[in-house]
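Structure record follows, encoded as structure tokens.
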Amino acid sequence: MILPRFCFNLHPLSLSLSRTRSNPLLFFTTFTLHPQFPQIHKPFSSTPNMCESHKPSTVSIPSVDSADRPELYRALESSLGSKFSSEPLVPTPKPLVIVISGPSGVGKDCLIKCLREVRQNIHFVVTATSRPMREGEVDGKDYFFMSKEEFLKLVENDELLEYALVYGDYKGIPKQQIRDYMSKGYDIVLRVDIQGAATLRKILGDSAVFVFLVAESESEMVMRLINRKTESKESLLVRVATAKEELRQMKNFDYVVVNAEGKLESCVKTLESIIDAEKAKVSQRRAMV
Ligand SMILES: Nc1ncnc2c1ncn2[C@@H]1O[C@H](COP(=O)(O)OP(=O)(O)OP(=O)(O)O)[C@@H](O)[C@H]1O
């Protein structure tokens, strides 16, 4: 006797194989009766099986060897009772907020500069500051320069995502700038110190990607600061001591990227891979600023 199989959501192979052992003819017969049975084995799907929703029509599917492709395509559509959609199966990835941090002198600025050169649709957020403009700096490019009063007005109006008083000057991240660029589909890069990253983690939680940048060793990190020749000996000592402490914060980040001596290019590639992987995630992060 041939059992009706449509009303069991069983894998046909398991059914067929068990039958084959006892009766090969039976296997052959059941298999050829319904060759167009769709999505027979769906381990991740909760879609009701065919007998609960709609049965396949009786349209016969032409041979794959002789039929032309449009004919075969249409026969598959008719057989399943619906048109195949050409809409993208995966929606456009959401804009990311990428927070880049790490101890002083590891190469954060260099990394971001290179990333902007090689990748489109990235906006590096320009920080607002109450610090006076230095020679060579450009308002709106290096910082948004403003008076303390203007800065505090932004704080009062809740227009800053995060702010801090650094060596007597205010620095803060304007929310509106992030919103504007995210609405245009840009990924957002924020460069903050370790304290700033901790504050942003509290505000944004897992909705942003937190990347910790390090040199390959402590000694290399110190050498880079020495070679940069931007610090006085006092400031050098403070920066190095702080950097050693800051390394302990690595565990609070999502990714750690090593910027090894002379390997800035490969470091940029790693960061790009992180961004690409984040964009391929099934559950996307969704930063709300
Ligand atoms: N891969 C690398 N190999 C060698 N030198 C590097 C590399 N990356 C950056 N540097 C150098 O290290 C120094 C520090 O880089 P950078 O100013 O980008 O660091 P930073 O993390 O932004 O520092 P800070 O937090 O103090 O502003 C610079 O002189 C830069 O040219």
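Under 5 Å between amide hydrogens, which residues at least 5 positions from Leu96 or on another chain qualify, with H placed 1.01 Å from N in the peptide plane?
Placed amide hydrogens put Asp187, Ile188 under 5 Å from Leu96.
Mind checking which aspartates and glutamates have their C-alpha under 15 Å from Lys202, skipping anything on the same chain fewer than 8 residues away?
Once the sequence-local aspartates and glutamates are set aside, what remains near Lys202 is Glu162, Asp193, Asp254.
Rank by packing, highest mean first: peptides 100-111, 199-210, 258-269, with packing defined as the count of other Cβ atoms within 10 Å averaged across residues.
Most protected by this proxy first, the peptides run 100-111, 199-210, 258-269.
Give the long-range amide H neighbours of Phe124: residues separated by 5 or more places, or on another chain, with amide H under 5 Å away, using H modelled in the peptide plane at 1.01 Å from N.
Amide H neighbours of Phe124: Val189.
Say each of Met250 and Lys141 gets a label point 7 Å from the Cα, pointing the same way as Cα to Cβ; how far apart are those two points in nm?
Output for this residue pair reads 3.6 nm.
What list of ³J(HN,Hα) values in whole Hz, one per residue of region 204-213 in order, does the Karplus curve 6.51 cos²θ - 1.76 cosθ + 1.60 (θ = phi - 60°) give from phi, with Gly and Pro shown as x?
Working through the residues one at a time gives 9, x, 8, 6, 10, 9, 10, 10, 9, 9 Hz.
If you take the beta carbon distance between Asp169 and Lys281 as r and set R0 to 35 Å, what does 1/(1 + (r/R0)^6) give as a FRET efficiency, to the nearest 0.05? Numbers along the way, then the final one.
Values: r = 38 Å, r/R0 = 1.08.
The computed FRET efficiency comes out at 0.40.
Here, each number is a calculation from the coordinates, and none is a lab measurement. Keep in mind it's a predicted model, so treat the numbers as computed, not measured. In this analysis, Cβ positions are derived from the backbone assuming ideal geometry, glycine residues included, and neighbour counts consider all displayed protein chains.
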